[in-house]
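What follows is a single structure, written as C-alpha cells, with notes after it.
The values are calculated or read from the model by the stated rules, or taken from the named source; none is laboratory data. Values in this document were obtained by computation on a predicted structure and should not be read as measured data. Cβ: placed from backbone, ideal geometry, glycine included. Neighbour counts: every protein chain shown.
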Amino acid sequence: MPKLLSILLLLLLCTPFIGYAQTFNITGVVISPSGNPVPGATIRQKNTNENTIAGEDGTFAFQMRHKKGATLIISAVGYETKEVPVPGSVEDAHLKIVLKEEAKGLDDVVVVGYGTTRKKDLTGAVSSVPVKDMEKTPVIGTAQMIEGQVPGVQVTQNQSQPGGTVFSIRIRGTNSINSSSEPLYVVDGFAGADVSTLNPSDVQSIDVLKDASATAIYGSRGANGVIIITTRRGKTGHSVTVDAYTGVQRESKEYKMMDAQQFGNYLITLQAQQNQLNNTNIPAPYTQDQVNAMGAGTNWQHQIFRTAPISNMSVAFNGGNEDSRYYLSMSYYDQQGIIIGSDYKRGIVHFNLDQNVGSKVHVGVSSQTSYDYQNAPTVNTSGGGTTPSVLWDAVRFSPILPVRDSTGAYTYVNEPGPLVSPLGNPVAYANEAQDGVYNLRAFANVYADYEMIRGLHLRSTFGVDYLNGGERQFVPTTLYVAAATNGSASQSSTQNYSWLNENTLTYDKVFNRIHAVNVVGGFTFQHWYDKNFGEGITNLSTNAEGANNLGIGTPGTPYSSYQDNVLASYFGRLNYRLMDKYLFTFTMRADGSSRFGVNNKWGYFPSGAFAWRLSDEKFIHRIKAVSDLKLRTSYGVTGNQEIGDYQSLSSYSTNAYSLGTSPTPVVGISPSNIPNPNLSWESTASFDAGVDLALWNNRVTFTGDYYYKKTSNLLLNVSIPETSGYGSILENSGAVQNQGFELGINTRNINNRKVKWTTALNFSTNKNKVLSLGTNKQIYAGDLSNSIFPSATFKSGILLVGKPIGSFYGYVFDGIWQTPQQIAESGTKQAVKPGDPIYEDLNGDSLLNGSDRTIIGHALPKFTYGMTNTVSMGRFTLNVFIQGVYGNDILDENLYEVQSGSDDFNRLAYIATDSWTGPGTSNTLPRVSSVLRRSTGITSDVIKSGSYLRFKTVTLSYDLPLPKLTTVFKAATVYVTVQNLATISSYPGYDPEVNSFPTSNSLSLGTDYNAYPNYRTYLVGVRFGF
Amino acid sequence: MTKFIHLSGICVLLCGFSCTKQLTEVPHSFLTPSNFYKTAADATSALNGVFSPLQAQTYYQRTVYIIAEPMDCWYPNPISGDRGDLYAGTYTATNGEISNWWVNSYKLIKNANDVITYVPGISMDTTQRNNIVGNARFLRGMAYFDLVRSFGDVPLVLTPDSDSTSLFPKRTPTAQVYQQILADLQYAEANCFHTAQITSTNIGMISSEAASSMMARVYLQRSSTAVADPADNQNALTECNKVISYSTANPAVLSLVTNYASIFNVSTKNGPECIFSIQFGAAPNAVNLTNRMFDPTALPVYGGYGSLIALTSYYNSFDPADTIRRNEAVGTVSGGFHWISKYFDPGVKPGASGRTNWIVLRYADVLLMQSEALNNINPSDPTKFNGINLVRARAGLLNELLDFTNTPASSDFVNALVNERGWELGVEGQRRWDLIRFKKYQQVKAAQGYTIDNNHLLLPLPQTELDLNPNLVQNPGY
C-alpha cells in the first residue's frame, strides 16, 4: 500500500513534465570476471520490450524513459543472467557489469566410473549425450538417444521390429572378431546392466567413456568403451511431469514388384527360355489369353503393411526435502508394427530414493521393474520353405494368386510349381501363427555412503539385475509351413540374473590450495547366472490352444542349460590436479574371471592420462577469443572378457541317435572341443590425444580426438585341419587395430531475444585393420542367408591381415555374356550361355572357382556424422536432426531373389522389361532364366553403396503461454515430430541402415536379407509440468 | 583413520578368501573328462555319439548319395554347382559336398576314437563293453573305407586329441589305411553281437554279420585297386559265406525278403533283409529329407524339392519284366519326368521329411557280392550264378535267370553284375564305388557326354584342408 501511494505521488509530481518525454542515457560495459568484454550481451529493461546489444568491446548505450526503480536484465551466451537495478539518481549513469560465467559447460558434472568429475577436470575422452536437448524429441530406447549424437560412436539399427529392434553400438570401431564389440553399460553404478527397457524420460544423463584413461577402471570390460547412464533422482520440492505422445507409422519404401499380368508374361518368357536351354517342350503354366485377362492381381506388400499406431505415456513424480528425496515414474508404451501381426507393449515403474541418515550417512536405491510383450511377426528369418518370412514371402509371392479364394479360405501355397517355388501364404501366416516374447525385468541397486572423516567416503552397493523372459510360438496345422510338422508349438523360458557388490573408498582433499587429490579404491564381486529351458511339440491334435498346452502333440527333445560366471576385481584411481592446470589420472584394475583358463585367472589393466588446461595459462588467457583450451592425452590397456563361459574347459556335448524297432531317440555324448587352459581376455592398448577448445565465451566449443587402439590376444577359433574331428580350436591369437579422428562442434549461431539457433555437429572416422590372425592365413567370416545358400561352405566376407574387418569377398561382375562367339573367344571353361553374367577370371586359368574371388566391398563406413540444428523463435522451437554414414557397402542378398539368381519367385517389375533377351539388350541384368549369379556365390553386382544421409528427427514444438491458461502448470509444451522423414541414399533395398545377421558375432556386417524395414513415424505429443 | 584401515583390511581379506574358489568354473549342464566314462551308461551314450553324425544332412542323410550316386540313375536339377559338378565329373577341391564328406567322416572318427580309447577302462560287463567297442570300430572302419575309396591316401588318426597327437597329420598310404579298416572290422566281427542277439530296443546297432558284410565289400573294393591283396576275393567270399550261412540258420532275422517293396516301406523297415541302416524316424527322431530331395514339387501328393531327377535312360534300362524293381526305383511320374521313388514316404504330409532309413548293407548285396567274388576267383565256377539269380528271382525274373548260356564270358557276367546292382541297389549309395570297381565309371559318363580323366577317379582333398595342413599334398590333376 505504501508503494502504491508513493507511485501515485510520483505520478502527481511528474504530471507537469508529461509531454516532454524525458529520457536518461545509461551507458556501460559488460565484462567477464577476468575483465574481458562480453560482446553480444543483451541488455533489456525489466517488464518492457526495450533492449540493446553490447558491442564488440562490451560497451552499450541504453535510453530509458523511467529510471526510477528500473532494473536491467543482462544476458549473454555462456554467462549467468544478471539483474542490475538502475541507480536512483537523476543523472545519466555509467555501469560496469560483471557477468559470471555460466556453470553449464565447464562445471558440468560428468559421471565417470566410480565417481564424478567436473568436465574441466577430465583427462580422458568422455562425451556426454545432450539428453536435455532431446526432451522434446521422443525416442524409444537408450540406443536411439545416442545415435548420431556423440563423436566416435556408431549406432546401427540392424532391423526395426517393434520390441525386437536390435542396435549395435561401436565405440571407436570394432575391436573384436569372435567376442562382443558392444560397450559395457553401467546404470546407476551397476556395471553390466540391461538397458533395453530403460524409459528415456527417466534418463538424467548418458556419458560415453571412450579412451583407456576413462575405461580402464572397468578393466576387462572396458575395451569396447563404457556407456554410463544415470537415471533421474529426486530434488527438493514437488513436481509432476506428464509426457505423452501418439502417432502413426508407415513403411517408408516398398519394392516395386511385377503385377499379375507382368508376372504371367514373365513366366511365359521364363518357360520358353528354359525349354530352349534344356531342349524340353514344357508348356507355360498360363496361356497368353489367361495372362491378358489377369490385371494387376494382388499386391502382397500392401496386404501385410499397414498404418500402425504408436503411443507412449509417462508420468513422473519428483520431490522431497533435504533429508529425503524421491523420483517415481510410470510409463506405458504401445506400438503396433507396420507389418501385420507385429506389436510391442511395455510398462515400466522406476523408483529412486535418496535418504540421509544423520549427517554422515546417506542411503538410497535405484530400482526399476518392467514388463514387455512383443508379438514377433516372423520377419527376420532366412525365409522360404518351412521357415517363413512374412515380409519376404509377401515380396516374393505370386501376384496372380489372391489372398483368399472364392470360398474365403486362404490361398494355401505359391503356385504354379515347379516353375514357381512353393511358399506359404504370408498373410495367413501373419494372422494365424503366433510368436509372443515376454520379459519381466527387475533391477535394484542400493547404496550406503558413510563419510568417515571429512573428504573420506566409504560407499557400498549391492544390486541385482533379474530377467525372466520367455517365448511362445505356435504354427497351426492349417498353414503350408506346417505341412511337414502338422502344426507346431513351443515354449521357452530364460532366467538370467546377476548380483553385484561394490565397495569403494573415496578421498578428496586439496592441499595448500594447489594440490588437489582425488583417490578412489575398491573391490567388487559380480556373479552372473543364466538358465534356459525349452520344449516344442509337433503334430497338433487341435489348433484351439495355441502354444498354451504342450500336451496336445508329439513332444520333441526338451533342452535346458545352466551357466554362471564370476568376476572379482580390485581397482584404484588417483586424480591429481596441480594448480588446477595440470591434471593427472592413474588407474589400475585387476580382474579375476572364472571364464579365463586356469593358467590365466587374473588380468591387470593400467592406464594413465595427462591434461593441460592451457586456457588457465597467462599467455592463453590473454587471447580474448579463447574461453577454454585443454590438451589431453592418455594411454592404457583394457580388456574384453566376453569370451563366453566354460570356453577353456574340455567338454562333452549331447547329441542324439535313434534306435529300436519303433525308433526311439537315444542320447549320445561326444567330445566337443580341444581345451585351452591358457585362455584369457582380449587386450586393447589405446592411445588418445585430444583437445577441448571453446571460443568467444563458449559460443563455439570444439572437441577433437585422435586415437589409436591395438587389440591383441584376440579370441579366435583358429581353424585346424578337420582330420582332428574339430573344425577349430579357441585361442588368444590375432590382433586388430582401429584408429581415427573424431570431432564434436557446438555453436550458438544466433542468440538474441527473438531467435536462438544452435548447431551440434559430430564427425568420426575410423580405420580398421586386421594385424594378425594367428596361424590362419585368412578367416572366412560373415553369415549368409541359409535360404539363398542352403549348403554354403563360403561366407560373406574374409579376414585378411592388412585388410579391415567387414571385407566382402567374392567374384567381380563384368557384364553379361552377349553371344556364343564372345564366350568361345574368351576361352572360358565355365559352362555359360549368352545372357549369363560374366564373372572375372582373375587368375586367368579360364576356370571360375574359389581362387577368382577378391575383396569386393567394405562394410565399415569411412566416416559417420550427425548434426542437430535447433532454432527457437518466440515460443516455437524447430529441431532438425540429421545423421548419416558414408563410404560403406551393403551386401544386398535380397537381389538374389528379386533380381537375378533363381527362377523361383516374383521379381522386381523392371526385370520383366530390362533383362537380357538377346545380344545388346542388357549388360547389367542377366537373362531371366540364368541361375548363375546365385550358384556362383557372393558377387560384386549385389554389393551396393550403403552411404546415406537421413533426416532422422524433425520436431516442431510450441511452449504454451502459461499464465494466460492456468496457474497450475509450470511448463507446457506441445510438439509434432516426424522420424525418418527422408533418407538420401542410392541403396535399392528397404533401408540402408540394416544388418540382418547381427547377433552371431561381430563379423556379420552390412548384410541385408529380409530385415524388418525402418519406417517413418508421425507423432504429436505434449509435455506438462505441474 | 584406524577404522578405515581395519575396514578395508577386512574387505580385502574377505574377497581374497572367496575369490580363488569362486573363480573356478563349475559346469552345470555339460560333462567334462572328469565326470565321464565312469559307467556302462556312459559307454552306451558315448557309442550313440559315434552313430549321431551319421544322421546329418551333410553326411548319411544327403551327402552320401550326392557323392556316390550322381552316376547313371539320376541327375541334379540344375546341373550346376556342387551337385552338378559331381554329376558331370567336373568337381574341384572347393566342392562343398566333398568337403562335407571329408569333415563328417573325421567327425565320426573322432567320436569313435574316444570310445575305442576310453570305454575299455570302464568297469562293466566285458561282453557288453567289447560289443560297444566293436560297434565303434565298425563305424570307424566304415568311415575310413569311405575316405580311402574317395580320396586314396588319407591321414589315419586313431587316438583322441592329446598333447602328443599332431593336428597336422600326413596322408597314410592306401594300403595301410585298408589294413586298419580290416583290423577294425575284424574286431567288430569278433565282438559285436550276432543279429539275433540284438534286442528290439537296440535295432540299428552293428551286428557281427554287418561287420562280415562290410569286410566283404572292403575286400572286393581293394581287389580292384593297386594295393590289392591276392587273397582279397577269397576273403570276400569267406565273409559273404559267413553271412549267408548265418542267414540259413536264422532266416527270421537275416534273409532275402520276398516282397522287394517292403525293404523301403517305412512300416517294415529294419526287416530281415537289412543288415545295417542309418536310422531315421518321425519326430522326435531325426527325420530324413531324402524323400524331399528326390520327390517332385507337385502337390498335393509330393511337395518335394524336385532337386534330383531320374534319368530316362535309367528307367529304360530296366528289363520290361522287371516291373517290381522299376516301380520301386523310378515309379513316380510328374511334370513329364520320372522321379526316384524308393524314398517316397506316403505316410508323411506332402513337403515333410520322411522316416525312411538309409540302408548301408542289405542281404541282396551280400548275395551279389558272393557272385562277384566267385566270378573273380574262378569265372567258370557255376555257383557264381546262385546269388545273382536269387536276387533276380525275388524281383520276379524267374524266367530270366542267368547261366553260362546267356552269360558265357566273365566280362558278360561283370556286365550283368553292373546292371543288376544298378537295378537292385540303385540310389543306395553304391553306384560310384561299383562303377569304379568294375572300371565302368568313365564309360558310363562318356555315354552322357562327360569326359572323366583318370585323376577324377579319386576326389580332390578339400582345399580348406590343404590350406590348413601343410603336410597334406593334393591328389594329382586338381
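Below, the figures for the structure above:
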item	result
Total residues in the range B:26-40, condition facing another protein chain (nearest Cβ under 7 Å) and over 12 Å from residue A:650 (Cα atoms)	2
Residues (surrounded by fewer than 17 Cβ atoms within 10 Å (Cβ to Cβ) and either under 29 Å from the mean Cα position of the chain (by Cα) or among the aliphatic types (A, V, I, L, M) (or both)) located in the range A:437-455	A:438, A:440, A:442, A:446, A:448, A:452, A:453
Condition met for residue A:927 (more than 30 Å from residue A:156 (Cα to Cα), in contact (Cβ under 8 Å) with a residue 12 or more places away in the chain and not assigned by TED's automatic domain parsing to the domain that holds residue A:275)	yes
Strands (runs of 3 or more DSSP E) wholly inside the range A:449-541 containing at least 3 residues that are within 11 Å of chain B (Cβ to nearest Cβ) and closer than 30 Å to residue A:412 by Cβ	A:515-538
Flag if residue A:702 is touching a helix residue (DSSP H, G or I) at 6+ places or on another chain (Cβ under 9 Å) and either more than 13 Å from every other protein chain (Cβ to nearest Cβ) or of a type in the set (S, T, N, Q) (or both)	no
Number of positions in the range B:332-346 that are within 24 Å of residue B:418 (Cα to Cα) and without any contact (Cβ under 8 Å) to a residue 12 or more places away in the chain	0
Qualifying residue in the range B:51-73 (condition: touching a residue at least 12 places away in the same chain (Cβ under 8 Å), facing chain A (nearest Cβ under 9 Å), assigned to a helix (DSSP H, G or I) and charged (D, E, K, R))	no
Residue in the range A:571-583 that is within 14 Å of chain B (Cβ to nearest Cβ) and either of a type in the set (A, V, I, L, M, F, W, C) or without any contact (Cβ under 8 Å) to a residue 24 or more places away in the chain (or both) present	yes
Some residue of the range B:242-252 being within 14 Å of chain A (Cβ to nearest Cβ) and either out of contact with any strand residue (DSSP E or B) (no Cβ under 7 Å at 6 or more places or on another chain) or modelled with pLDDT of 95 or more (or both)	yes
Top-ranked residue of the range B:267-297 - restricted to ones that are aliphatic (A, V, I, L, M) and more than 10 Å from chain A (Cβ to nearest Cβ), ranked as farthest from residue B:310 (Cα to Cα)	B:275
Among residues of the range A:850-867, those that are within 17 Å of the chain's Cα centre (by Cα) and not in a loop (DSSP other than H, G, I, E, B), counted	5
Residue satisfying all of: in the range B:152-176; touching a residue at least 24 places away in the same chain (Cβ under 8 Å) and assigned to a helix (DSSP H, G or I); farthest from residue B:101 (Cα to Cα) among these	B:175
Hits in the range B:451-470 - residues which are surrounded by 15 or more Cβ atoms within 10 Å (Cβ to Cβ) and either assigned to a loop (DSSP other than H, G, I, E, B) or among the hydrophobic types (A, V, I, L, M, F, W, C) (or both)	B:452, B:457, B:458, B:459, B:460, B:461, B:462, B:466, B:468, B:469
All positions within the range A:618-668 that are of a type in the set (Gly, Ala, Ser), more than 23 Å from residue B:27 (Cβ to Cβ) and within 14 Å of another protein chain (Cβ to nearest Cβ)	A:658, A:660, A:662
Unique match (being in the same structural domain as residue A:211 (by TED's automatic domain parsing) and at pLDDT 80 or above) among A:28, A:58, A:113	A:113
Boolean, residue A:688 is within 25 Å of residue A:215 (Cβ to Cβ) and either within 26 Å of the chain's Cα centre (by Cα) or within 14 Å of another protein chain (Cβ to nearest Cβ) (or both)	yes
Residues that are among the hydrophobic types (A, V, I, L, M, F, W, C) and within 14 Å of another protein chain (Cβ to nearest Cβ), drawn from the range B:335-359	B:337, B:339, B:348, B:352, B:358
Search result, residues across the range B:80-129 that are acidic (Asp, Glu) and either modelled with pLDDT under 95 or surrounded by 18 or more Cβ atoms within 10 Å (Cβ to Cβ) (or both)	B:82, B:85, B:97, B:114
Positions within the range B:89-125 being among the hydroxyl-bearing types (Ser, Thr, Tyr), under 18 Å from the mean Cα position of the chain (by Cα) and closer than 30 Å to residue B:450 by Cα, in sequence order	B:99, B:105
Selection count, the range A:829-845, where residues are away from chain B (no Cβ under 13 Å) and either among the hydroxyl-bearing types (Ser, Thr, Tyr) or touching a Pro at 6+ places or on another chain (Cβ under 8 Å) (or both)	4
Residue ranges of helices (runs of 4 or more DSSP H) in the range B:354-440 with at least 2 members surrounded by fewer than 20 Cβ atoms within 10 Å (Cβ to Cβ)	B:384-394, B:410-425
Of residues in the range A:549-566 being more than 9 Å from chain B (Cβ to nearest Cβ) and not small (Gly, Ala, Ser), the one farthest from the chain's Cα centre (by Cα)	A:552
Among (1) surrounded by fewer than 17 Cβ atoms within 10 Å (Cβ to Cβ); (2) over 30 Å from residue A:410 (Cβ atoms); (3) under 32 Å from the mean Cα position of the chain (by Cα) - the single one residue A:431 does not satisfy	(2)
Any chance residue B:255 is within 11 Å of chain A (Cβ to nearest Cβ) and surrounded by fewer than 21 Cβ atoms within 10 Å (Cβ to Cβ)	no
From the options A:636, A:644, residue that is crowded, with 22+ Cβ neighbours inside 10 Å, under 30 Å from residue A:566 (Cβ atoms), touching a residue at least 24 places away in the same chain (Cβ under 8 Å) and within 35 Å of the chain's Cα centre (by Cα)	A:636
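Conditions (1) acidic (Asp, Glu); (2) touching a residue at least 12 places away in the same chain (Cβ under 8 Å); (3) within 14 Å of another protein chain (Cβ to nearest Cβ); (4) under 29 Å from residue A:890 (Cβ atoms), marked per residue:
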residue: A:730; (1), (2), (3), (4): no, yes, yes, no
residue: A:733; (1), (2), (3), (4): no, yes, no, no
residue: A:741; (1), (2), (3), (4): no, yes, no, yes
residue: A:748; (1), (2), (3), (4): no, yes, no, no
residue: A:778; (1), (2), (3), (4): no, yes, yes, yes
residue: A:787; (1), (2), (3), (4): no, yes, yes, yes
residue: A:814; (1), (2), (3), (4): yes, yes, no, yes
